[in-house]
């Protein structure tokens, strides 16, 4: 009997019980989601209520709200949270401003056969390692780097290491994540709508404002979820080009590594989680999640 | 580039504490009741009594550059001879910080660790490492006496590790920019510094000790005796100094390669450094100078320790004996840029001036070095338990950077 023949009874049984088939099919991904994803979130939340022994570094599993108290009382954490959210918003704005025209060109202006090439071009930055790109930017924004050189004739100098450099680098790094969703959104927008608008006498600007933007907004919001959440959690680029800038991610990292205070790091990690939940709820209201 | 990330962050820990040492009797109910190093009784862990045959392998946790098998640089290899001689296959895990070392050792999967003074006591108190039977480590006899049975590698006269080497954090500057050559840490704290935005500092809470060390001589009225034992007033003064310094700082560094790149490119021109970074910059012909300023400096003294759960204790002992053997200890010291622990190593270095350059035998030099140790509540003198512990140092460090 062939191997295929041996499997036949099994195939038949599964065909007769579609629910069993579905359960078998979904158990692995759902299990992964529940155990690895929701499970780790639960552990995170639970450990935020623990503390560590200040000498041996062992975790003390006695519930306490001290971590959250310290978090809410500390002015520095408020400043860092605001800075991080502000940066995430700024990066998102830059990416929308840069990404929208690019996506519009790809979807509506460029010839169809150029599209795969343009898509590939947008994606090429993702082929290089994140670290390589960040370190390349470190050299560029640093003293005597390309930016210094380019701005010198204008009597200016490069941003140096700091918040501006982080803004620049993260905007660059996350741009493809903004272009792609907007491109997909605009691609679904029928050309006939643009023509109809123009037939009715609307200017290009009016068409953009009244037709394109409302229809593309969910795609923009979808893209912004990527740029916003990626910026919110980033600590590597900040570490490389940020100079002395601290973001939530850096403080979490410092508490995991340097401070060996996992419970406090867990409490801190709840901050971006809460921010993202709020952001996603807002995005859902904008209808972005249905169109992802 | 030679990878030797040695972020010497002090581990630390925060938060509420258990009374660590059951036997110390100071039952402070809710505050951080850590026991004084001299006062705590470490958990009873048996010591290896006799050396048996090697187990065929040994798992190490080490600073980058401490366990080199020729894969980084062909000529840098003291692991292969050891493997050939003992039959112990070496698996090494590089840790970036002292805290990572403590965490890795708590996993119980490693046999030995090269712990700095800030990690060693915590490992001892946590029962993660066993006392070391120095009779089984032949080369221990040649180790400088100044490194033996110190507060960071022993408890109550019982050795918990084998000294590896030591060094000091240096003041580094660009000779083409910073003139005249500085000889005091004052230049990195000067509020009217002409180098504003180009100063660098070490990115770790333990850097607070550098500020305290400077204040010790700059503001004697604070009465700072030990930069790791700071009471409220002294701590506040150090933190204030660093907050003021933050406006001068262009970048805090935790990664040696980042520090070396910044000084080479001129992004930073002045700040705290290690000998190794100076070497890297000089190798690339960058105009850098370095000195141990007149106030002295902070530094490190590392210790090889054996895990209390070691699966391969015999190979671990053989490794400790090997790494402080004259030849291997000279190699690692030259590669890393620190003073060796074995006095016979000074004849084995390829640079005959090495031990002089690194002041290996110069105790008066190391008298000016305050080795990193974990700050705890107990001040170690008659002030009692009013000092700031490391968790408070970490919180303050976050605030200093803002």
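Dimensions of the stretch A:12-65 from C-alpha coordinates, computed as largest minus smallest value along each principal axis and given longest first, are 63, 20, 13 Å. With all pairs of different C-alpha atoms in the average, the Kirkwood value for the hydrodynamic radius of the stretch B:45-167 is 15.5 Å. The packing ranking of peptides B:309-315, A:269-275, B:60-66, B:337-343, highest mean first, is B:337-343, B:60-66, B:309-315, A:269-275, where packing means the average number of other beta carbon atoms within 10 angstrom of each residue. Residue order for A:238, A:122, A:93, fewest other beta carbons within 10 angstrom first, comes to A:93, A:122, A:238.
Where q = 0.16, 0.26, 0.29, 0.30 Å⁻¹, what log10 of I(q)/I(0) comes from the Debye formula for the stretch B:298-342, counting one point per Cα? Here the Debye-derived log intensity ratios amount to -0.50, -0.94, -1.03, -1.06. Per-residue ellipticity at 222 nm from helix content only, as computed over chain A with -39500 (n - 2.57) for each DSSP H run of at least four residues, stands at -22000 deg cm²/dmol. In chain B, what percentage of the DSSP-assigned beta bridges are antiparallel, given to the nearest 5? Of those bridges, close to 60 percent are antiparallel.
When only alpha carbons are used to place a centre, the stretch A:55-126 and the stretch B:53-93 end up 42 Å from one another. How large is log10 I(q)/I(0) at q = 0.14, 0.20, 0.28 Å⁻¹ when the Debye formula is applied to the Cα atoms of the stretch B:158-233, each weighted equally and without solvent? Log10 of I(q)/I(0), two decimals: -0.62, -1.03, -1.39. With all projection directions averaged, the alpha carbon convex hull of the stretch A:1-134 covers 18.9 nm². Calculated mean residue ellipticity, 222 nm, chain B: -8000 deg cm²/dmol, from DSSP H runs (n ≥ 4) at -39500 (n - 2.57) each, averaged per residue and rounded to 500.
Looking at the protein assembly as shown alone, DSSP beta bridges between its own residues are antiparallel in about 60 percent of cases. Each of B:222, A:232 was scored by other Cβ atoms within 10 Å of its Cβ. Arranged with the fewest first, they read B:222, A:232.
I need the shape label for the protein assembly as shown. Rule: rounded when a/c is under 1.5, else prolate if a/b > b/c, else oblate, with a, b, c from the alpha carbon gyration tensor. It is prolate, given that a/c is not under 1.5 and a/b is the larger ratio. Per residue of B:262-272, other chain Cβ atoms within 10 Å of the residue Cβ number 3 on average. For chain A, the gyration tensor built on C-alpha atoms gives an oblate shape. Its axis ratio a/c (a ≥ b ≥ c) is at least 1.5, and a/b is not larger than b/c. For chain A, the relative contact order works out to 24 percent when only alpha carbon pairs closer than 8 Å and six or more residues apart are counted.
Stretched out straight at 0.36 nm per residue, the stretch from residue B:356 to residue B:135 would grow longer than its current Cα-Cα span by 76.6 nm. Computed with the Debye formula from one identical point scatterer per Cα of chain B, without solvent, the log10 of I(q)/I(0) at q = 0.06, 0.10, 0.11 Å⁻¹ comes to -0.23, -0.65, -0.79.
Measure out, as a whole number of angstrom, how far apart the alpha-carbon centroids of the stretch B:326-402 and the stretch B:121-177 sit. If we compute the Cα centre of each part, the gap is 9 Å.
Cβ-Cβ distance of residue A:42 and residue A:15, R₀ of 45 Å, FRET efficiency by 1/(1 + (r/R0)^6): the value works out to about 0.75. Summed over all non-identical Cα pairs, the Kirkwood treatment of the stretch A:48-193 gives a radius of 19.2 Å. If you run the Gaussian network model on chain B, springs between alpha carbon atoms under 10 Å, then out of B:297, B:193, B:107 the most flexible one is B:107.
Taking every C-alpha pair closer than 8 Å and separated by at least 6 residues, the mean separation divided by the residue count of the stretch A:99-197 gives a relative contact order of 41 percent. Seen from every direction in turn and averaged, the convex hull around the alpha carbons of the stretch A:47-98 projects onto 5.2 nm². Note on A:161, A:104: ascending count of other Cβ atoms within 10 Å places them as A:104, A:161, the fewest first. Panel note: the C-alpha atoms of the stretch A:180-248, placed on their principal axes, show extents of 55, 20, 15 Å (largest first). Take the alpha carbon gyration tensor of the stretch B:231-388, find the square roots of its eigenvalues, order them as a ≥ b ≥ c, and report rounded if a/c is under 1.5; if not, report prolate when a/b exceeds b/c, else oblate. Taking the square roots of the gyration eigenvalues as a ≥ b ≥ c, the stretch B:231-388 is oblate.
Can you tell me what percent of all Cα-Cα pairs in the stretch B:251-312 are more than 18 Å apart? When all Cα pairs of the stretch B:251-312 are counted, 48 percent exceed 18 Å.
Across the stretch A:141-292, the fraction of Cα-Cα pairs farther apart than 23 Å, rounded to a whole number, is 57%. Remark: mean inter-chain Cβ contacts per residue of B:390-402 equal 5, using a 10 Å Cβ-Cβ cutoff to other protein chain atoms. Here the translational diffusion coefficient of the stretch B:339-402 follows from Stokes-Einstein with Rh set to the Kirkwood radius across Cα pairs; for 25 °C and 0.890 mPa s it amounts to 163 µm²/s.
None of the figures in this text is laboratory data; all of them are computed from the coordinates on show. Source: prediction; values computed, not measured. FYI the Cβ positions are ideal-geometry reconstructions off the backbone, even for glycines, and counts take in every protein chain you see.
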